[in-house]
Amino acid sequence: MSEPVLEISGLRKYFDVDRSRGGGKVYAVDGVDLSIGPGEMVGLVGESGSGKSTVGKCVVRLLEPTAGSIKIHGRDVTHLRQRSLRHLRRQVHMVFQDPHSSLNPRMQVGAVVAEPLRMHRIARGKDLTRRVDEMLERVGLGPEMRSRYPHELSGGQRQRVGLARSLVLEPSLLIADEPVSALDVSVQASIINLLLDLQRDMGFSCLFIAHDLAAVEFLCNRVAVMYLGRIVEESSREELFKHPRHPYSQSLLSAIPLPDPPVQRERKRVVLTGDIPSPVNPPSGCHFHTRCPVAELPLCRDRDPELIAHHGQGHRTACHLVHADGTAPDITKGAGPLVHHET
């Protein structure tokens, strides 16, 4: 079996709360295990506040992890010093959610895309210009865009520039942090298709962080579902979308609109009660038990479930109610199909 490109083990990231606000800690990421193989695209999904973006920022070392380990191609990069981070920056790049704020408004597009090549002293002169032009063409922008400024571009064009900047060094791992959520719906599909084409052509691995489960189903090989700092379910895309086991995963999938209007009208959506709890004071036991419609007390309240594979399958779930053979309670029973699986 090939060595993982990314291997996260026991990752934790806590933020201190200012004493003027009562003190304590924000348990943003609280023990995450995840790996990504060569050429694999893994989706990380969950509600806002679940810790998805924090995981991504820890991987690229924009945030310093509190505990755990992060390995890139088998090398532990969890606590690399600033000087040693240069090599990591060549291997791992990030595409940010907002294509406007992530670009320097005072730099022309050509300079933005060329900056990683200059910083790592890979190209200069005519070779630099050639590489920039080739990358711009790869993301669907012509060489004439080199002299444009970000404010002269549309949102979709700015995100294409962000992709070009992130991929010009041909990294082995891309962290895509909700790259289409700030774009118009009409533009999202073109960026998703572009990302898929680039991944197939260049062969990089990708952690795709998103709210849009339809995009995750289209793009990703595997999916991990995150809730309040922890991964509660992980499996192949096909298995998760057809047979979700964790009640939280089932509720998320029930919210995906179906392309068949008559079926969609008759369908009953599973709506969770209450808001996601505060990560400053997460619930005891299973973090999801306060909103789970099938929680069994005191079991779910008092015992913290482990993320384990059932019946020798690669489908991992952190739920006390999932049996050894993989069967699980169905909170959507009678609510119709979860998602449309025809391709």
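Results, tabulated for the structure shown:
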| quantity | calculated |
| --- | --- |
| Residues of segment 18-54 satisfying the condition of being of a type in the set (Asp, Glu) and modelled with pLDDT of 95 or more | 30, 33, 40 |
| Selected residue [in a strand (DSSP E or B) and either out of contact with any Leu (no Cβ under 8 Å at 6 or more places or on another chain) or modelled with pLDDT of 90 or more (or both)] from 280, 270, 225 | 225 |
| Condition check for residue 172: closer than 30 Å to residue 7 by Cα, of a type outside the set (A, V, I, L, M) and touching a residue at least 12 places away in the same chain (Cβ under 8 Å) | yes |
| Of all residues making up segment 65-79, the number that are without any contact (Cβ under 8 Å) to a residue 40 or more places away in the chain and either of a type in the set (Val, Ile, Thr) or farther than 19 Å from residue 35 by Cβ (or both) | 3 |
| Any hit, segment 202-210, residues being without any contact (Cβ under 8 Å) to a residue 40 or more places away in the chain, crowded, with 19+ Cβ neighbours inside 10 Å and within 28 Å of residue 27 (Cα to Cα) | no |
| Leading residue by the ranking (surrounded by the fewest Cβ atoms within 10 Å (Cβ to Cβ)) among those in segment 173-199 that are assigned to a loop (DSSP other than H, G, I, E, B) and in contact with a His (Cβ under 7 Å, 6 or more places away or on another chain) | 181 |
| Selected residue (criterion: surrounded by the fewest Cβ atoms within 10 Å (Cβ to Cβ)) from residues of segment 14-33 that are in a strand (DSSP E or B) and free of Cβ contacts under 8 Å to residues at least 60 places away in the same chain | 16 |
| Conditions (1) under 24 Å from residue 176 (Cβ atoms); (2) in contact (Cβ under 8 Å) with a residue 12 or more places away in the chain; number of the one not met by residue 128 | (1) |
| Residue in segment 321-329 that is at pLDDT 95 or above and hydrophobic (A, V, I, L, M, F, W, C) present | no |
| Cβ pairs under 6 Å, 6+ apart, first in segment 135-147 and in contact (Cβ under 8 Å) with a residue 12 or more places away in the chain, second assigned to a loop (DSSP other than H, G, I, E, B) and crowded, with 21+ Cβ neighbours inside 10 Å | 135/168 |
| Condition check for residue 163: within 27 Å of residue 14 (Cβ to Cβ) and either crowded, with 20+ Cβ neighbours inside 10 Å or in contact (Cβ under 8 Å) with a residue 40 or more places away in the chain (or both) | no |
| Pairs, first assigned by TED's automatic domain parsing to the domain that holds residue 177 and under 13 Å from residue 182 (Cβ atoms) in segment 94-115, second hydroxyl-bearing (Ser, Thr, Tyr) and part of a loop (DSSP other than H, G, I, E, B), C-beta under 7 Å, six or more apart | 96/102; 97/181 |
| Residue that is outside any loop (DSSP other than H, G, I, E, B) and either of a type in the set (A, V, I, L, M) or within 12 Å of the chain's Cα centre (by Cα) (or both), where the choices are 253, 169 | 253 |
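A quick yes/no check of all residues on (1) in contact with a Phe, Trp or Tyr (Cβ under 8 Å, 6 or more places away or on another chain); (2) of a type in the set (D, E, K, R); (3) not in a helix (DSSP H, G or I):
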position: 86; (1), (2), (3): no, yes, no
position: 101; (1), (2), (3): no, no, yes
position: 111; (1), (2), (3): no, no, no
position: 114; (1), (2), (3): no, no, no
position: 128; (1), (2), (3): no, no, no
position: 146; (1), (2), (3): no, yes, no
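The values are calculated or read from the model by the stated rules, or taken from the named source; none is laboratory data. In this text the structure is predicted, and so the values were computed from the model without any measurement. Quick reminder, even Gly has a Cβ in these numbers, built from the backbone with ideal geometry, and neighbours come from all protein chains shown.
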